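Asks: Sharing a structure here in structure tokens format.
The values are calculated or read from the model by the stated rules, or taken from the named source; none is laboratory data. Just so it is clear, the structure is predicted and the values come from calculations on it, not from any experiment. Because the Cβ atoms are built from the backbone with ideal geometry, glycine has one as well, and the counts that use them run over all protein chains shown. Side chains are part of the model used for accessible areas, which takes the heavy atoms of the whole protein and leaves out ligands, DNA and RNA. Shrake-Rupley method; radii C 1.70, N 1.55, O 1.52, S 1.80 Å.
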Amino acid sequence: MRQGRLWRRVLPAAAWLPLAACVTLGGRPAAAEGREGAELRTLVLMLDGVPYEVMDSLWRAGHFRGFRAPSRLVSPFPSLTNVAFPRMWGESPPPGYEDRYFDREENRLRGGLLEHMVQPGEHSSFHRHVEVEADGVTAALAYLLPGPVARKELADFRRELERRAARDSAVVAYLMSTDALAHQAGREALVEFLLEVEALLEATRERYGPGLRILVFSDHGNDFVPTQRVPLDDALRQAGFRAARRIEADHDVVLPRFGLVGSAFLYTAPAAEARLAAALQEVPGVDLILFEDEAGRIHIWSRRGRAEVEAREGRYRYAPVTGDPLGFATVLERLRAMGELDSAGFAPDSAWLRESLETPYVDALWRIELALRGAVRHPASVLVSFEPGYHYGDPAADALVQMKGTHGSLGTRSSLAFFMSTHIEAPPVLRSDDVARFLPRSP
């Protein structure tokens with residue numbers, strides 16, 4: 001049996017334990033040796049899955065006091081690592097929303113867990129900027145043993161940082177186990193670990209002096225709501241669709257399954273998109289269904305109604321058709337009262353971001369358009385955002401883990417990451433695309 005087929009079987013959790021005992025974490029090999037005697041001047045630390053509200057509450061309680069106040073960092077939609085971090089580094093879009101994706105040109109599924117474990121850098125271009133990170137096997141084990149893996153990853157980060165600081169003036173590091181803690185152990189465990197990160201950063205500043213510039217940021221948030229699996233597969237079968245690996249007929253649907261996240265990405269023939277969206281509208285846990293028609297209008301469907309979104313030269317129009325699926329009636333009223341809506345109902349992109357910041361769907365219009373038109377090279381035919389408390393993904397992972405929270409949806413709590421620095425007075429609200437200007441550049 002090929003390895004890819006083997007993994008798609010449900011593996012018992014005990015099968016991972018011998019592997020966990022022999023895993024060694026550590027930094028990736030340096031692309032080139034730095035100069036001897038270099039003094040560390042810049043440290044960039046990327047934390048996977050740390051919500052803004054967690055870091056903001058810690059800062060307000062007196063932690064991370066060497067840093068400016070954290071900024072709200074709006075993740076793209078879907079609020080996933082593979083989509084967010086490449087945009088922060090100014091990289092080209094990844095092939096898919098996750099490491100298991102549908103290749104439209106080749107009409108087949110590609111990627112998956114084994115490739116993620118062996119060649120993570122092939123799937124997310126941001127890795128080329130990172131000098132210190134865990135390997136792919138560790139990334140998989142972290143979701144089974146989040147506490148032990150997190151402490152081992154942090155210890156290895158400390159050692160690798162000391163080694164590189166002797167020859168590099170700038171180091172970029174990535175801790176992925178923060179996401180595993182948020183998913184598997186919950187908010188309290190994540191906070192406890194972040195206090196350990198704080199202690200490490202304080203010791204690093206003491207060692208290298210006040211001139212050390214530190215930037216810390218995350219890629220997305222987390223709902224911190226225990227989740228259950230959305231019954232998408234049953235709904236598709238009942239509506240006459242067939243789960244497939246290729247699209248050969250109007251009833252074929254390709255549905256990549258990878259992590260357990262708050263969104264799903266469905267691929268089908270253009271003629272079947274509206275019918276597919278209708279089949280999902282009443283499924284428990286489904287919040288929003290998004291797809292684009294031939295005229296370039298983006299449709300938003302939910303049990304609360306239907307609306308259309310149009311983009312025109314940096315301006316957006318949100319037009320409810322029936323009901324108000326995003327609950328943006330008050331946003332529209334404010335924009336109209338401020339004179340920012342033109343006669344056709346379009347308002348500036350910046351106005352939509354500002355006025356949606358405190359709503360359940362922060363920056364929704366820009367993020368929805370990006371998801372369907374530019375976030376990845378192979379965008380989905382139909383995108384689904386789930387309500388808090390629901391997820392979808394790899395059935396093998398579902399059999400192995402219990403979720404205390406997830407991300408990936410259009411919801412604000414799932415989507416707000418953070419950015420903070422010891423030396424940069426960043427705006428209070430940033431998009432992922434704004435981060436690149438603050439970062440050191442790789443060749």
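Asks: Quick check on Ala189: is it open to solvent by 50 Å² or more (accessible area, probe 1.4 Å), part of a helix (DSSP H, G or I) and not acidic (Asp, Glu)?
Replies: No: the conditions fail for Ala189.
Asks: If you don't mind, there's one more thing I want to ask. Of all residues in the stretch 327-352, which are open to solvent by less than 40 Å² (accessible area, probe 1.4 Å) and either among the hydroxyl-bearing types (Ser, Thr, Tyr) or not in a helix (DSSP H, G or I) (or both)?
Replies: Of everything in the stretch 327-352, those that are open to solvent by less than 40 Å² (accessible area, probe 1.4 Å) and either among the hydroxyl-bearing types (Ser, Thr, Tyr) or not in a helix (DSSP H, G or I) (or both) turn out to be Phe328, Leu341, Gly345, Phe346, Ala347, Pro348.
Asks: Among Phe85, Phe67, which is the only one that is assigned to a loop (DSSP other than H, G, I, E, B) and at pLDDT 95 or above?
Replies: Going through Phe85, Phe67 in turn, the sole match is Phe67.
Asks: Quick one: in the stretch 71-91, which of the residues that are open to solvent by 10 Å² or more (accessible area, probe 1.4 Å) and either in contact (Cβ under 8 Å) with a residue 60 or more places away in the chain or in contact with an Asp or Glu (Cβ under 8 Å, 6 or more places away or on another chain) (or both) is farthest from Pro51 (Cα to Cα)?
Replies: Only one residue fits best here, namely Gly90.
Asks: Sticking with this one: Only one of these conditions is not met by Phe265: (1) in a loop (DSSP other than H, G, I, E, B); (2) touching a residue at least 60 places away in the same chain (Cβ under 8 Å); (3) in contact with a strand residue (DSSP E or B) (Cβ under 9 Å, 6 or more places away or on another chain). Which number is it?
Replies: All conditions pass for Phe265, except number (1).
Asks: Still on this structure, I have one more. Anything in the stretch 162-179 that is in a helix (DSSP H, G or I) and either modelled with pLDDT under 95 or surrounded by fewer than 21 Cβ atoms within 10 Å (Cβ to Cβ) (or both)? List them, or say none.
Replies: Across the stretch 162-179, the qualifying residues are Glu162, Arg163, Arg164, Ala165.
Asks: Quick one: Ser381 ticks every box in (1) free of Cβ contacts under 8 Å to residues at least 60 places away in the same chain; (2) crowded, with 17+ Cβ neighbours inside 10 Å; (3) over 20 Å from Leu73 (Cα atoms) except a single one, so which number is it?
Replies: Here Ser381 clears every test but (1).
Asks: Go through (1) open to solvent by less than 60 Å² (accessible area, probe 1.4 Å); (2) without any contact (Cβ under 8 Å) to a residue 40 or more places away in the chain; (3) at negative phi for Gly314 and report which single condition fails.
Replies: (3)
Asks: Okay, next question. When the stretch 278-305 is examined, which residues are found to be in contact with a Phe, Trp or Tyr (Cβ under 9 Å, 6 or more places away or on another chain), under 14 Å from Val230 (Cβ atoms) and open to solvent by 10 Å² or more (accessible area, probe 1.4 Å)?
Replies: Ala279, Gln281, Pro284, Asp287
Asks: Given the structure, is Pro388 surrounded by fewer than 19 Cβ atoms within 10 Å (Cβ to Cβ), within 30 Å of Tyr143 (Cβ to Cβ) and in contact with a Gly (Cβ under 7 Å, 6 or more places away or on another chain)?
Replies: It is false that Pro388 is surrounded by fewer than 19 Cβ atoms within 10 Å (Cβ to Cβ), within 30 Å of Tyr143 (Cβ to Cβ) and in contact with a Gly (Cβ under 7 Å, 6 or more places away or on another chain).
Asks: How many residues does the stretch 427-442 hold that are open to solvent by less than 20 Å² (accessible area, probe 1.4 Å) and either free of Cβ contacts under 8 Å to residues at least 60 places away in the same chain or over 18 Å from Thr412 (Cβ atoms) (or both)?
Replies: Adding up the residues that qualify gives 2.
Asks: Return the total of residues in the stretch 396-417 being in contact with a strand residue (DSSP E or B) (Cβ under 8 Å, 6 or more places away or on another chain) and more than 18 Å from Ala180 (Cβ to Cβ).
Replies: 5
Asks: Is the stretch 245-260 home to any residue that is over 30 Å from Asp293 (Cα atoms), in a loop (DSSP other than H, G, I, E, B) and touching a Lys or Arg at 6+ places or on another chain (Cβ under 7 Å)?
Replies: Within the stretch 245-260 (the criterion being over 30 Å from Asp293 (Cα atoms), in a loop (DSSP other than H, G, I, E, B) and touching a Lys or Arg at 6+ places or on another chain (Cβ under 7 Å)), the answer is no, since none of the residues qualifies.
Asks: Looking only at the stretch 192-209, count how many residues are within 19 Å of Asp56 (Cα to Cα), open to solvent by 40 Å² or more (accessible area, probe 1.4 Å) and in contact (Cβ under 8 Å) with a residue 40 or more places away in the chain.
Replies: Final tally of qualifying residues: 3.
Asks: When you look at Arg237, is it without any contact (Cβ under 8 Å) to a residue 24 or more places away in the chain, open to solvent by 10 Å² or more (accessible area, probe 1.4 Å) and of a type in the set (Lys, Arg), yes or no?
Replies: Judged against the criteria, Arg237 is a match.
Asks: Would a scan of the stretch 28-43 turn up a residue that is modelled with pLDDT of 95 or more and within 18 Å of Ser432 (Cβ to Cβ)?
Replies: Scanning the stretch 28-43, I find no residue that is modelled with pLDDT of 95 or more and within 18 Å of Ser432 (Cβ to Cβ), so the answer is no.
Asks: Can you say whether Leu400 is closer than 30 Å to Leu145 by Cβ and more than 17 Å from the chain's Cα centre (by Cα), as far as the supplied structure shows?
Replies: yes
Asks: Select from the stretch 380-407 the residues that are out of contact with any Phe, Trp or Tyr (no Cβ under 8 Å at 6 or more places or on another chain), closer than 16 Å to Phe224 by Cα and not aliphatic (A, V, I, L, M) and list them in ascending order.
Replies: Correct list: Glu387, Pro388, Gly389, Tyr390, His391, Gln402, Thr406, His407.
Asks: For the stretch 364-403, name all the residues that are at pLDDT below 95 and not in a helix (DSSP H, G or I).
Replies: Matches in the stretch 364-403: Gly374, Gly393, Asp394, Val401, Gln402, Met403.
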